[in-house]
Each structure stands twice: as C-alpha cells, then as structure tokens.
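A.B. asks: Once you've had a glance at the structure underneath, I'll fire off some questions.
Just so it is clear, none of the values below were taken in a lab; they were calculated from the coordinates. Just so you know, these numbers come straight off a predicted model, no measurement behind them. Neighbour counts run over all protein chains shown; Cβ positions are idealised from the backbone, glycine included.
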Amino acid sequence: MSDPDTPDDLREAAQPGAGEVTATVIVNAPAERVFAALLAWERQSDWIPFTKVRVVEGDGGEGSLIEAVTTLGPAVLRDEMRVVRVDAPYEIGVVHCGTLLRGPGVLRCTPMASGRTQVVWHEWFHVPGGPAGRVAWPVLWPGSKFSLTQALRRFARQVEHGHLP
C-alpha cells in the first residue's frame, strides 16, 4: 500500500503514466473567479457526478491532501491527491497518490478576451493492471474523456450562473 506522506512515494506517483486524458471548456467568467471555483475542492461534489470531495489535510492550497470518493452502485473508487502547485489564477497541480489512481494532473486557466477563461484539465494516470491495463486503456479512454468533458461543462454552467465558488 502506498503512503502519500513519504517523499519517495510522491515522487514516484508524480511521474506521468501511460493513461492520458484531457478535457477543455470555455467559461464565460474571468480567470480569477474560475480559478477560485476550481480551488473550492469540496464544491467539486456539485459538478462531478457520484463523487464526494473533501479536504483531508491542509486548507486546500499547496501541500493539502484531497480525497474524492466516487460511488456508482456497489463500486467505490477512492482518489487521493496531493496539491503540489497553486499559481493563482492560472494553474493548480496535483499528484494522485492513492493505491489505485496515481499520476500527475493539472488544471489550467487561461484568460481570454471579453472576460472569458479557457479551462484545461489534464491527467497522466499510471494505468493499473500491467500489460492488460495498458491494452484496456484505449477502450476506457473515450469514456474517461467524455466524463471529464461533461463534468467541466457542468462546472462552467455553475460558474456562469453564479453558483460557484
């Protein structure tokens, strides 16, 4: 079992894995507001289906440990991530450091004209299951990208309607 508190384990988890997924959305709101909404970790439960997010350690900023638990019927997926970079209002870097989900991720906000913001969510997961997992990843990837994109679209609507942060 991994221990996200050991520097060696975090360094290992921070290496990009073979499973890569990216989603992008344009939000009709300024970058500062969008960034604040992304950093409101526990509010992710409002826009990521079947998922409860909480700050386990820290204040949500650099060094904090975040836990996201996704439950779908009897299946439960626990995702632990360490916040490794906060560069307001542009970038949040995390390292997924749990037992199953491992690898770096980044949320980027790019200011655009007319007070809009492009959000890019990029993850590089270590694909579990060895060779079988790497073979299965191309089949699983489209569903992961679709889910991530749908979540970001819900996020954008909630920010635009003033429900977030």
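A.B. asks: How many percent of all Cα-Cα pairs in the stretch 1-79 sit more than 15 Å apart?
C.D. replies: The proportion of pairs with Cα distances above 15 Å equals 71 percent.
A.B. asks: Sort 154, 102 so that the residue with the fewest other Cβ atoms within 10 Å of its own Cβ comes first and the one with the most comes last.
C.D. replies: 154, 102
A.B. asks: Spelling out what I want: for every residue of the stretch 15-27, take phi, set θ = phi - 60°, compute 6.51 cos²θ - 1.76 cosθ + 1.60 (Karplus), and round to whole Hz; glycine and proline get x.
C.D. replies: Computed from phi, the couplings for the stretch 15-27 are 6, x, x, 6, x, 10, 9, 9, 9, 9, 8, 9, 10 Hz.
A.B. asks: What is the chain's relative contact order, in percent, from Cα pairs under 8 angstrom and six or more apart in sequence?
C.D. replies: The value is 31 percent.
A.B. asks: I need the shape label for the chain. Rule: rounded when a/c is under 1.5, else prolate if a/b > b/c, else oblate, with a, b, c from the alpha carbon gyration tensor.
C.D. replies: prolate
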